[in-house]
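J.: The structure under discussion is supplied below as structure tokens; questions concerning it will follow.
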Amino acid sequence: LLLWVVLLHWDASGLFVWGGRTWQHCTDLRPLDILSEVVPPGGLAHGMRVLQVQGLRGFQLAASRPRALSFPASRLFVHCDRFPEEFSIVVTLRVLSTPAKRNEYVFTLMAEESTGVLVGLRYAPDKLHFLFWSQEHAGGWQTRITFPNVSLSDSQWHTLVLAVSGQSFSLTVDCSIPKDVVVETPFPAALSVKRASFYLGNRRRRKGVFTGLLRQLILLPGADATPRICTATNFKEVTLSVPTALQDVPMEPGSNEVLKYPYETDTTVTLGSRPPCTMQEKAQFWFNASRRGLYLCTGRAWISMLEVRHRLDYVEEYQNLATNSETMGVEVFTIPKVGLFAATANRYTPPGSAIYKWTDGKFMPYQNIPTFQAQSWKYFTVGRKIFLAVANFEQSGGGQEFSVIYKWSRRKEKFIPYQRISTHSARDWEAFVIEGEAFLAVVNHREGNNHNIDSVIYRWNPKTGLFETNQTIPTSGAYDWEFFTVGPYSFLAVANTFNGTSTKVHSHIYIWLGGSFQLFQSILTFGAADWEVFRIGDRVFLAVANSHSYDSGMPALSNFYAINSSIYELNITAQMFVKFQDLLTYSALDWEFFSVGDDSFLVVANSFDGFTFSVNSVIYRWQGYEGFVAAHHLPTVGCRDWEAFHTPEGSYLLYSSAKEPLSKVLKLKTT
């Protein structure tokens, strides 16, 4: 009998009939975009502006015409004139600092014939109030639900989710722990919205207008929206629905494209070194003083808006740097918040080697360190620790042969001895990181008269705070290590110079596989003294500096110091480096790659032409299909090492002389 009664009251349309009344949802159970209803198609309502802040756009509302920012509730409640009994309100906003005791309305729903608020959301300093009218349960008075300790006045974007169900009210701010309130007066089950209108950012009058920015205002009937908002990692940017005027447009519109919805932004210009570019910095500018370029953040990368394209015009002598003795190598480095430094590896002890600091546009003496025919320095970091390692070629006064790692003391602002490592006529250090672990490789040149010995790779032990032997690699009179990566692969190239009878030996490239370096490729070299890896676009190059051709079993050449040095390019298909170009050099000991504007350069350290150490070193310019072409010839004396560096005042080259106690700083003059 009961089933028969129910069937009699279920009509053909699927509506449930009870007591002569038909009930159905007054609106679809989907997100209802209140903001979009206020914005007319193809434009903005009077009293609205679009502002972009921290990479997100929002509406700023004017108080002069509050009724212009409204629309009838019947647009949302299309089937009947009842507000849903259970619902969520989602708001994304940016609140400005509000004066004490001031209330600002995010939105209100008001009947035309009444000054009371049927439903509303109001913000006060450190509080959020939800308002509703319940004549049946509250004697015709407005009920206020207060959420204390809600601090939004920090000029940041925040997303709020207010979930309402009967007597239960829950507020979630930025997906934090919900604030739950249970009251005696439930939200009305049948709140009439007949002849009512939504008002955006006001309560139909100028007082209490919302002064911040609104990006999202959603009514979601019948559901708690929190799970839909708080599943994303960046919940402040999650949107159920956003008006078209607030949606992103391409950062680089076409030449004929006009913005349909013009917007303003709180643009700031950052000076100094390259800042991060994330959604937080979107639409912000960065001015690069050294390159005189203005860049715009797209939210992912900096794009050039205005840049002076520098081109290398000529090179001028800038500073004569007097050194303790002849200099075998130089290392230029920057210690954060301290400054720019150059460490020279000097031949004689005493007085040892020196560290210079860039002061008032010049390198000035900063610290002396005892060394034993030092060959090179290497600057590197492990976590927050700063190190400088020296490769000593000769024994100490006590007859011991070791190289030393120095650690930067923040308290003393000096380098102090940290770890001694036994080496054999060490020529070079190379520091690198693989899979988060720090390594340090030393080149052992010879032990007595034996040039065919092991060079050693050390691994940092975080427990002991020391470098410990990890792997040995056979080398032949080696001069240099060069570490580089290509995609996920790590490589280490060694420059083998002399095997005891000949400089015509293979130098090797190793690849990191299975926790150690394995042979990848062997390249025939002639007294190789240096490898230099560099990239031009997507192409990877490796240049070797060949110092001389000598073989004890062959007749002496007329000049075995004039010899080609070679540039190799990585062939991805063949999975090997193939020769790209030969360049005539004179006992080349070093290559240095650098860029000026869009141009790429290589400078070679020519040290001896068979007759004199006063020989020109050469800067080669990248000319695309032509390869590298000689552009500048620089007079040098026994040139041993080149370092390129930049300061806010310009770009420089520093070369060290192995034949006189004088190094030179050269300035690159651009147009």
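The values are calculated or read from the model by the stated rules, or taken from the named source; none is laboratory data. This one's a predicted model, so the numbers in the text were calculated from it and none came from an experiment. All Cβ positions, glycine included, derive from the backbone under ideal geometry; neighbour counts span all protein chains shown. Surface accessibility is based on the protein's heavy atoms, side chains included, excluding ligands, DNA and RNA. Shrake-Rupley method; radii C 1.70, N 1.55, O 1.52, S 1.80 Å.
J.: Select from the stretch 583-600 the residues that are outside any strand (DSSP E or B) and modelled with pLDDT under 95 and list them in ascending order.
T.: Answer for the stretch 583-600, where residues must be outside any strand (DSSP E or B) and modelled with pLDDT under 95: G597, D598.
J.: Which of the residues that make up the stretch 325-338 are open to solvent by 20 Å² or more (accessible area, probe 1.4 Å) and over 24 Å from S425 (Cα atoms)?
T.: Selection gives T334, P336, K337, V338.
J.: Further question on the same structure: What pairs come up if the first residue lies in the stretch 424-444 and is more than 18 Å from A345 (Cα to Cα) and acidic (D, E), the second is in a strand (DSSP E or B) and open to solvent by 10 Å² or more (accessible area, probe 1.4 Å), and their beta carbons are under 9 Å apart, counting only those six or more places apart or on different chains?
T.: E435/S490; E435/W512; E437/R459; E437/W460
J.: Does G553 count as out of contact with any Pro (no Cβ under 9 Å at 6 or more places or on another chain), open to solvent by 50 Å² or more (accessible area, probe 1.4 Å) and assigned to a loop (DSSP other than H, G, I, E, B)?
T.: yes
J.: Determine whether the stretch 456-469 contains at least one residue that is within 19 Å of F380 (Cβ to Cβ), open to solvent by 50 Å² or more (accessible area, probe 1.4 Å) and hydroxyl-bearing (S, T, Y).
T.: The answer is yes; a qualifying residue exists.
J.: State yes or no: is E317 surrounded by 19 or more Cβ atoms within 10 Å (Cβ to Cβ), closer than 30 Å to S607 by Cα and among the charged types (D, E, K, R)?
T.: Working: surrounded by 19 or more Cβ atoms within 10 Å (Cβ to Cβ): no; closer than 30 Å to S607 by Cα: yes; among the charged types (D, E, K, R): yes.
Answer is no for this residue.
J.: Answer with yes or no whether E435 is over 28 Å from D551 (Cβ atoms), at pLDDT 95 or above and open to solvent by 30 Å² or more (accessible area, probe 1.4 Å). Before you say what the answer is, go through the steps one by one.
T.: On the way: over 28 Å from D551 (Cβ atoms): yes; at pLDDT 95 or above: no; open to solvent by 30 Å² or more (accessible area, probe 1.4 Å): yes.
No; evaluated as a whole, the condition is false for this residue.
J.: Would you mention how many residues in the stretch 408-427 are more than 31 Å from the chain's Cα centre (by Cα), farther than 19 Å from D454 by Cβ and not in a strand (DSSP E or B)?
T.: Counting residues in the stretch 408-427 that are more than 31 Å from the chain's Cα centre (by Cα), farther than 19 Å from D454 by Cβ and not in a strand (DSSP E or B) gives 1.
J.: For W642, which of the numbered conditions (1) of a type outside the set (D, E, K, R); (2) closer than 21 Å to K357 by Cα; (3) open to solvent by 20 Å² or more (accessible area, probe 1.4 Å) fails to hold?
T.: The one condition W642 does not meet is (3).
J.: Can you pull out the residues in the stretch 309-339 that are touching a strand residue (DSSP E or B) at 6+ places or on another chain (Cβ under 7 Å) and over 17 Å from K664 (Cβ atoms)? Working first, answer last.
T.: From the stretch 309-339, those touching a strand residue (DSSP E or B) at 6+ places or on another chain (Cβ under 7 Å) are 310-335, 339; that's our starting set.
Within the stretch 309-339, H310, R311, L312, D313, F333, T334, I335, G339 qualify.
J.: Then there is this: Pull up the stretch 78-97, narrow it to residues that are open to solvent by 10 Å² or more (accessible area, probe 1.4 Å) and of a type in the set (A, V, I, L, M, F, W, C), then point me to the one that is nearest to G166 (Cα to Cα).
T.: Taking the candidates together, the pick is C80.
J.: Given (1) outside the structural domain of K664 (by the TED database); (2) surrounded by 15 or more Cβ atoms within 10 Å (Cβ to Cβ), identify the lone condition not met by S304.
T.: Result: S304 passes all but (2).
J.: Further question on the same structure: Looking at the stretch 144-198 only, could you name the residues that are polar (S, T, N, Q) and under 21 Å from T92 (Cα atoms)?
T.: Within the stretch 144-198, T146, N149, S151, S153, S155, Q156, T159, S170, T172, S176 qualify.
J.: Could you check how many residues of the stretch 601-629 are without any contact (Cβ under 8 Å) to a residue 40 or more places away in the chain, of a type in the set (G, A, S) and in a strand (DSSP E or B)?
T.: Total satisfying the criteria: 2.
J.: Right, R206: within 21 Å of A73 (Cβ to Cβ), open to solvent by 10 Å² or more (accessible area, probe 1.4 Å), assigned by the TED database to the domain that holds G47 and in contact (Cβ under 8 Å) with a residue 24 or more places away in the chain or not?
T.: It is false that R206 is within 21 Å of A73 (Cβ to Cβ), open to solvent by 10 Å² or more (accessible area, probe 1.4 Å), assigned by the TED database to the domain that holds G47 and in contact (Cβ under 8 Å) with a residue 24 or more places away in the chain.
J.: For the stretch 509-535, how many residues are touching a residue at least 24 places away in the same chain (Cβ under 8 Å) and either surrounded by 14 or more Cβ atoms within 10 Å (Cβ to Cβ) or not assigned by the TED database to the domain that holds L583 (or both)?
T.: Qualifying residue count for the region: 17.
J.: Filter the stretch 360-390 down to residues that are in contact (Cβ under 8 Å) with a residue 12 or more places away in the chain and among the polar types (S, T, N, Q) and give me whichever is surrounded by the fewest Cβ atoms within 10 Å (Cβ to Cβ).
T.: Top of the filtered list is N368.
J.: Name, by its number, the condition in (1) closer than 30 Å to Y489 by Cα; (2) loosely packed, with under 14 Cβ neighbours inside 10 Å that does not hold for N444.
T.: (2)
J.: Another question about this same structure. For a quick check of your reading of the model, give me the residue pairs whose first member lies in the stretch 548-562 and is closer than 15 Å to D609 by Cβ, whose second is exposed (fewer than 14 other Cβ atoms within 10 Å of the Cβ) and modelled with pLDDT of 75 or more, with beta-carbon atoms closer than 8 Å and at least 6 apart or on different chains.
T.: A562/L584
J.: Test A322 against the stated conditions and say whether it is open to solvent by 20 Å² or more (accessible area, probe 1.4 Å) and over 28 Å from the mean Cα position of the chain (by Cα).
T.: Here the answer is yes, as A322 does meet what is asked.
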